[in-house]
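In what follows, a single structure is set out as structure tokens and then discussed.
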Amino acid sequence: MITRWGLTLALSVVVVSFHAAQVVAEDWPQWMGANRDDRWNETGIIEKFPEGGAKILWRTPIAGGYSGPAVAGGKVYVTDYVRTAGEPKNDPGGRPELAGRERVLCLDAASGNELWKYEYDCPYKISYPAGPRATPTVSGGKVYTLGAEGNLLCLDAAGGKVLWQKDLKKEYQTETPMWGFTGHPLVDGKKLICLVGGQGSVAVAFDKDTGKELWKVLSGPDAGYCPPSIIEAGGQRQLLIWTPQTLNSLNPETGEVYWTEPLVPQYGMSIAAPQKAGDWLYASGIGSVGVAYKLSKEKPGVEIAWEGKPNTAVYCGTSTPLIDGGVIYGNDCQVGNLRGVDLATGKRLWESFVPTTGGERRESHGTVFLTKNADRYFLFSETGDLIIAKLSKEGYDEVSRAHILEPTGESFGRSVVWCHPAYANKCAFVRNDKEIVCVSLAK
């Protein structure tokens, strides 16, 4: 028999448990967050920065790299490159030869203290050779990393022990792309899906626990730079692989090709992940390459709704656009501004250089990384500023801005920091080529 006191106690436990579940911190275990959609769902976040600037919780020294951090289970995972010889000149058409070590670092998310690291010798022969490009992917107690020269690792997330590894260039007889291996590894069920390259192996699925190859598909000179992503449309889950020649939809379980569309950016730079909104799919890249597709509702397939013109669309390069409320928000890789574009027509609604280059000047590949939180956006600029802003069809409305770290990279004659932040535990985690910083965003 349940007494009134017992019933009250039981209900109290349920209420406490519910509220405890509500305040559990949200992890950011891979590029663009848990769902690769750049949506950050934590509440209790500041509306604007304090007058004295952002609250920095810790700063930890690291070395060079473009790879963003991943945050999971109270730990921060990030990769870098410790150069020991060679001159890292940023020549878009050159491949300087460097000697050094790639490292996988695991830090305590609360303090920034190093918990473990794994490093290996890794000569570089790539353009823009600061360090690794791909953000670690954390899943099921394992962390997966992909180095700039094709070293694919699966490590124990708790202690850093190597569980399996691959030298993708050697195993698949392929060459390193001009700007390195960049496709952030994607965990899908029991699979780890990676961009590799070579004949019949542009995309490869491995068993995530053993490294055994499950399937491989597509051919091309190289795999390009666009991370694999999964959408649902036409009654099927579809894996999107954008090579420098074609946009492809695959069955993620088998690698079977559902459909292929020609989509050829300049310089082989297929970079920004195509974005889905309802039955729309938008893909864009350098060279005024932008296409809005309508996805078939009956089966996997697309048809072109509109193609970008010189005075329409947005052509994204170093960062992936977001679509919200029928508007594409993205920064144009050649002009360097942030634009709002009507998804249905490609009409440009507004544009601004303020969030990208910090003013009204045109800069090639001016870059900002966008993440939505509630009814506003957090934007991390190449200037090292973290920005809170409202984005709408009407325009860009900046609410608050704080300078977080210095731009330590060089591109087109200016200093930049090109790295996507992680948002977790009511904090932002941001890095450059010298340090990784944890910024409190809690109210």
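The values are calculated or read from the model by the stated rules, or taken from the named source; none is laboratory data. Bear in mind the structure is a predicted one, so any value in this text is a computation, not a measurement. Methodologically, a virtual Cβ is constructed for each residue, glycine included, from the backbone with ideal geometry; neighbour enumeration extends over all protein chains shown. When the accessible area is computed, the model is the full protein with side chains, heavy atoms only, and any ligands, DNA or RNA have been set aside. Shrake-Rupley method; radii C 1.70, N 1.55, O 1.52, S 1.80 Å.
Listing for the model above:
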| read-out | value |
| --- | --- |
| Residue check, T174 among the polar types (S, T, N, Q), crowded, with 19+ Cβ neighbours inside 10 Å, within 30 Å of F412 (Cα to Cα) and over 23 Å from the mean Cα position of the chain (by Cα) | yes |
| Residue under evaluation A424, criteria (1) under 22 Å from the mean Cα position of the chain (by Cα); (2) at pLDDT below 95; (3) more than 26 Å from N311 (Cβ to Cβ), criterion not met | (2) |
| Selection from the range 276-304 of residues that are open to solvent by 50 Å² or more (accessible area, probe 1.4 Å), within 24 Å of R39 (Cβ to Cβ) and without any contact (Cβ under 8 Å) to a residue 40 or more places away in the chain | G278, K294 |
| Any hit, the range 102-122, residues being modelled with pLDDT of 95 or more, out of contact with any Phe, Trp or Tyr (no Cβ under 6 Å at 6 or more places or on another chain), under 25 Å from G220 (Cβ atoms) and open to solvent by 10 Å² or more (accessible area, probe 1.4 Å) | no |
| Inter-residue pairs, beta-carbon under 7 Å, first within 18 Å of K434 (Cβ to Cβ) and in the range 70-92, second acidic (D, E), 6+ apart | T79/E102; Y81/E102; N90/E410 |
| Pairs where the first residue, in the range 149-174, is more than 23 Å from P96 (Cβ to Cβ) and the second is aromatic (F, W, Y) and open to solvent by less than 10 Å² (accessible area, probe 1.4 Å), C-beta under 6 Å, 6+ apart | C154/Y144 |
| Filter result for the condition that a residue is more than 21 Å from P274 (Cα to Cα), at pLDDT 95 or above and open to solvent by 10 Å² or more (accessible area, probe 1.4 Å), over E253, E232, E213 | E213 |
| Boolean, A344 is closer than 18 Å to G33 by Cβ, small (G, A, S) and surrounded by fewer than 21 Cβ atoms within 10 Å (Cβ to Cβ) | no |
| Checklist (1) hydrophobic (A, V, I, L, M, F, W, C); (2) assigned to a strand (DSSP E or B); (3) at positive phi applied to A313, failing item | (2) |
| Selection count where residues are assigned to a loop (DSSP other than H, G, I, E, B) and under 22 Å from E26 (Cβ atoms), scope the range 66-88 | 5 |
| Options V327, V314: the member that is under 18 Å from R39 (Cβ atoms) and either at pLDDT 95 or above or open to solvent by less than 10 Å² (accessible area, probe 1.4 Å) (or both) | V327 |
| Pairs where the first residue, in the range 176-198, is more than 20 Å from I231 (Cα to Cα) and the second is aromatic (F, W, Y) and at pLDDT 95 or above, C-beta under 7 Å, 6+ apart | P177/Y225; W179/Y128; W179/Y225; T182/Y225; V196/Y172; G197/Y172; G198/Y172 |
| Answer residue from the range 39-65, given it is open to solvent by 50 Å² or more (accessible area, probe 1.4 Å), modelled with pLDDT of 95 or more and not in a strand (DSSP E or B) and is nearest to G325 (Cα to Cα) among those | N41 |
| The range 218-230, subset under 23 Å from the mean Cα position of the chain (by Cα) and in a strand (DSSP E or B), residue nearest to S67 (Cα to Cα) | S229 |
| Long-range neighbours under 8 Å by Cβ, at least six apart or interchain, first residue in contact (Cβ under 8 Å) with a residue 24 or more places away in the chain and open to solvent by 60 Å² or more (accessible area, probe 1.4 Å) within the range 396-417, second of a type in the set (S, T, N, Q) and not in a strand (DSSP E or B) | H403/T383; E406/N432; E410/N90; F412/S364 |
| From L152, L168, L163, residue being open to solvent by 40 Å² or more (accessible area, probe 1.4 Å) and at pLDDT 95 or above | L163 |
| Residues (open to solvent by 30 Å² or more (accessible area, probe 1.4 Å), in contact with a Ser or Thr (Cβ under 9 Å, 6 or more places away or on another chain) and under 25 Å from D188 (Cα atoms)) located in the range 256-275 | V257, Y258, T260, E261, I271 |
| Selection count where residues are modelled with pLDDT of 95 or more, open to solvent by less than 20 Å² (accessible area, probe 1.4 Å) and either under 19 Å from V78 (Cα atoms) or outside any loop (DSSP other than H, G, I, E, B) (or both), scope the range 185-201 | 8 |
| Leading residue by the ranking (farthest from V439 (Cα to Cα)) among those in the range 377-395 that are open to solvent by 10 Å² or more (accessible area, probe 1.4 Å) and either free of Cβ contacts under 8 Å to residues at least 60 places away in the same chain or among the hydrophobic types (A, V, I, L, M, F, W, C) (or both) | E394 |
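The rows are residues; the columns are (1) part of a strand (DSSP E or B); (2) under 16 Å from V82 (Cβ atoms); (3) in contact with a strand residue (DSSP E or B) (Cβ under 8 Å, 6 or more places away or on another chain); (4) not basic (K, R).
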residue	(1), (2), (3), (4)
E119	yes, yes, yes, yes
E149	no, yes, yes, yes
Q165	yes, no, yes, yes
K169	no, no, no, no
